[in-house]
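These notes are about the structure you will find just below.
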Number of protein chains: 2
Amino acid sequence: MKTRRILLNERPKGLPTDNTFKFTEDELPELQDGQVLLKALYISVDPYMRGRMSDAKSYVPPYKLHEPIAGGVIAEVTESRSSQLPKGSVVIGNLPWQTYIIADGKGLMPIDPNLAPLSYHLGILGMPGLTAYCGLLFIGDPKPGETVVVSGAAGAVGTVVGQIAKIKGCRVVGIAGSDDKTAYLKHELGFDEAINYKTTADIQAALAAACPNGVDVYFDNVGGEISDAVYSLLNNFARIAVCGQISLYNATSQPMGPRVEPVLLKTKSLMKGFIVSDYADRFGEAAAGLAGWLKEGKLKYEETIAEGFDQLPHAFLGLFKGENIGKLLVKVAEYSGK
Amino acid sequence: MKTRRILLNERPKGLPTDNTFKFTEDELPELQDGQVLLKALYISVDPYMRGRMSDAKSYVPPYKLHEPIAGGVIAEVTESRSSQLPKGSVVIGNLPWQTYIIADGKGLMPIDPNLAPLSYHLGILGMPGLTAYCGLLFIGDPKPGETVVVSGAAGAVGTVVGQIAKIKGCRVVGIAGSDDKTAYLKHELGFDEAINYKTTADIQAALAAACPNGVDVYFDNVGGEISDAVYSLLNNFARIAVCGQISLYNATSQPMGPRVEPVLLKTKSLMKGFIVSDYADRFGEAAAGLAGWLKEGKLKYEETIAEGFDQLPHAFLGLFKGENIGKLLVKVAEYSGK
């Protein structure tokens, strides 16, 4: 039994390149008692993975050199020597980028294939959806009538943040990187305004026009100069959920900018960094909320699905080019169940 | 009846100078019904006043040009046409820098002269003490065994912050601007370590040595490069109370520095700006806590008192030179009561 794998070939300086990755083909050993053979169906690519490619201390340990990249994967059990996970089960877990994986079941969560499309569990019903829910509601705490700005608005997290903020009765302004995206946010997802940061000469002026009553909540996926523009509009007692800083992830020197502390002091605002696992004790509440809104049609969900294991490096690099609308993932194989 | 006054003569660019201020002598009108004549006893000088000298929007309105500077003042009622405030009463309020003031009683709070030295009400029992209490406990939320760093540690707020953190069982590291101050913090106030930022070549290394378990709470009065050094040591889920940014108040261009958002994200930390009035609904609890510790001898309190109305501009400028230990104020007249 052979598996294809994608290894971390070298640690990137700045933007990753093709040379960051290396494809191999290897023989898998025999299954042992308690183990399962998994066939990867969907593999997630996420901005946080860039951090793991570097050697720096962070909230997740770095990938090891010459070992597979790993992340969120949905897979089907094709052989089983585990009573817990019979053949045909579908699971989600943090798994290596391989076409076939031998696993011992630890950390794998079974998925009900009838609940929603399988891929949703890597998106709105998975980590990105929970991130949006927890960061917006538990840090941002938006009140009806307040103005919520979200950067990276067309991404897997941002699309959910904006829609939840609308459900909560807020004015919602999204910042994204193409006219297709801003049109999608306004016309499909119901954002009040959306700004294309790539074609807008004066983002601060555009934001000021879009936020006539200032900004009460800022959900930040991006960082950098877009955030600077948002900070100039903060109302008193604003809340800033720092979820990502994708504009800085490929920086090769320490990112500099206007100091934000004087703004936080002047406006008495709160800024908090987080990752979704900080709120693990509230995932039940969050998953139920998301599933409910999805069922009621209040939450729309879009995916960009690349096809084929070979596409993984390219799909990952696309995250930094702002190519995707909604959740970006790669379909590796067909689910045999239906 | 004449009064001496100190007006804002011009808005300073950068550090205020003698020309920022103008002394005048003016005739006061007759007292009207409901009014009192106040003799200023103690006048407070505080870093936040620098902000009010500029024309920028902030949490307190700017001083008006050619009108008196104003701030915390303790005064004695020397004539009264108010039933609320008889002659001989001592009050505290936000009042103009004048030797004598006519007031209508609004916003004046009577002080019990037997509770503590009068001047304490401009310090540990007043705005600076409440600021320390509320910012440290309600934002910083220090737990026993955690490490608390305070910048501007020898000032009116910092001295109280560090002592409360010790009472709460924390390791406390102060950053201040002279060897006299660091000696005072360590040997008089019980700080575990104190760093003289003016003579320490590598503040980050000195802080790392003083905080072997990292930093859990940072109470920031100063901002700028000192804060950058602290950020490099933040533990996961650290809390940063942004109380002041005195190193930046005289900046003539937008202060730039390393972006802090990636640090907050990596460590999942919280940063919050505040002013003491945000916690007005908890002043009772805070004042009782401070008075109790003072009475038990757990809180030590030091003042630097300049003598004479003429000294006000010089005393204010001294704040930015780091000359004072503890609360800095000016004694203008003797209390007649005792």
Of the residues A:Ala194, A:Ala165, which single one is in the same structural domain as A:Gly224 (by TED's automatic domain parsing), touching a Ser or Thr at 6+ places or on another chain (Cβ under 7 Å), in contact (Cβ under 8 Å) with a residue 24 or more places away in the chain and among the aliphatic types (A, V, I, L, M)? A:Ala194
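If we keep just the residues of segment A:245-258 that are within 7 Å of another protein chain (Cβ to nearest Cβ) and touching a helix residue (DSSP H, G or I) at 6+ places or on another chain (Cβ under 7 Å), which is modelled with the lowest pLDDT?
Initially, segment A:245-258 is screened for residues within 7 Å of another protein chain (Cβ to nearest Cβ), giving A:245, A:248, A:254-258.
So of that shortlist, the ones also touching a helix residue (DSSP H, G or I) at 6+ places or on another chain (Cβ under 7 Å) come out as A:245, A:248, A:255, A:257-258.
Values: A:Gln245: 93, A:Leu248: 87, A:Pro255: 93, A:Gly257: 96, A:Pro258: 96.
Only one residue tops the list, namely A:Leu248.
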For the subset of segment A:225-241 comprising residues that are part of a helix (DSSP H, G or I) and either of a type in the set (S, T, N, Q) or without any contact (Cβ under 8 Å) to a residue 60 or more places away in the chain (or both), which member is surrounded by the most Cβ atoms within 10 Å (Cβ to Cβ)? A:Ser227
Consider B:Lys272 against the criteria (1) surrounded by 22 or more Cβ atoms within 10 Å (Cβ to Cβ); (2) not in a strand (DSSP E or B): it satisfies all of them except one. Which criterion is unmet? (2)
Can you tell me which residues in segment A:290-322 are of a type outside the set (A, V, I, L, M, F, W, C), surrounded by 18 or more Cβ atoms within 10 Å (Cβ to Cβ) and in a helix (DSSP H, G or I)? A:Pro313
Quick check: is even one residue across segment B:261-282 within 11 Å of chain A (Cβ to nearest Cβ), of a type in the set (Ser, Thr, Tyr), free of Cβ contacts under 8 Å to residues at least 12 places away in the same chain and more than 20 Å from B:Pro128 (Cβ to Cβ)? no
Can you name the condition, by its number, that A:Arg239 falls short on among (1) facing another protein chain (nearest Cβ under 8 Å); (2) touching a Leu at 6+ places or on another chain (Cβ under 7 Å)? (1)
Of the conditions (1) in a strand (DSSP E or B); (2) under 20 Å from the mean Cα position of the chain (by Cα); (3) surrounded by fewer than 20 Cβ atoms within 10 Å (Cβ to Cβ); (4) touching a residue at least 60 places away in the same chain (Cβ under 8 Å), A:Val150 clears all except one; give me its number. (3)
Where B:Leu312 falls short, out of the listed (1) in contact with a helix residue (DSSP H, G or I) (Cβ under 7 Å, 6 or more places away or on another chain); (2) of a type outside the set (Ser, Thr, Tyr); (3) in contact (Cβ under 8 Å) with a residue 24 or more places away in the chain: (1)
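On the given criteria, is A:Pro96 over 27 Å from A:Ala183 (Cα atoms), free of Cβ contacts under 8 Å to residues at least 12 places away in the same chain and in contact with a strand residue (DSSP E or B) (Cβ under 6 Å, 6 or more places away or on another chain)? Even if it seems obvious, please write down each step before you answer.
Values: over 27 Å from A:Ala183 (Cα atoms): yes; free of Cβ contacts under 8 Å to residues at least 12 places away in the same chain: no; in contact with a strand residue (DSSP E or B) (Cβ under 6 Å, 6 or more places away or on another chain): yes.
The answer is no for A:Pro96.
If I filter segment B:195-207 for residues that are farther than 24 Å from B:Val260 by Cα and at pLDDT 95 or above, do I get at least one hit? Talk me through it step by step, then tell me what you get.
Taking segment B:195-207 first, the residues farther than 24 Å from B:Val260 by Cα are B:199.
Now drop any that are not at pLDDT 95 or above, which leaves B:199.
Yes, the conditions are met somewhere in segment B:195-207.
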Within segment B:213-236, track down each residue that is facing another protein chain (nearest Cβ under 8 Å) and within 25 Å of A:Val222 (Cβ to Cβ). B:Gly223, B:Ser227, B:Asn236
Hey, does segment B:51-73 have a residue that's touching a helix residue (DSSP H, G or I) at 6+ places or on another chain (Cβ under 7 Å), over 30 Å from A:Ser232 (Cβ atoms), at pLDDT 95 or above and not small (Gly, Ala, Ser)? no
Condition first: surrounded by 23 or more Cβ atoms within 10 Å (Cβ to Cβ) and aliphatic (A, V, I, L, M). Now tell me which residues in segment A:257-269 satisfy that. A:Val260, A:Leu264, A:Leu265
Consider B:Leu294 carefully, then state whether it is within 17 Å of B:Gly123 (Cβ to Cβ), at pLDDT below 95 and away from every other protein chain (no Cβ under 13 Å). yes
Checking A:Gly14 against (1) modelled with pLDDT of 95 or more; (2) exposed (fewer than 14 other Cβ atoms within 10 Å of the Cβ); (3) under 26 Å from A:Ala153 (Cβ atoms), only one condition comes out false. Which one? (1)
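Would you pick out the residues in segment A:60-93 that are of a type in the set (Ser, Thr, Tyr), out of contact with any Asp or Glu (no Cβ under 9 Å at 6 or more places or on another chain) and in contact (Cβ under 8 Å) with a residue 12 or more places away in the chain? Spell out the reasoning first.
First, the residues of segment A:60-93 that are of a type in the set (Ser, Thr, Tyr): A:63, A:78, A:80, A:82-83, A:89.
If we keep only those that are out of contact with any Asp or Glu (no Cβ under 9 Å at 6 or more places or on another chain) as well, we get A:63, A:78, A:80, A:83.
Matches in segment A:60-93: A:Tyr63, A:Thr78, A:Ser80.
Have a look at A:Tyr133, A:Tyr120 and point out the one that is surrounded by fewer than 24 Cβ atoms within 10 Å (Cβ to Cβ) and touching a residue at least 40 places away in the same chain (Cβ under 8 Å).
Details: A:Tyr133 fails: surrounded by fewer than 24 Cβ atoms within 10 Å (Cβ to Cβ).
Result of the check over A:Tyr133, A:Tyr120: A:Tyr120.
The values are calculated or read from the model by the stated rules, or taken from the named source; none is laboratory data. Small disclaimer: the values here were computed from a predicted structure and weren't measured. In this analysis, Cβ positions are derived from the backbone assuming ideal geometry, glycine residues included, and neighbour counts consider all displayed protein chains.
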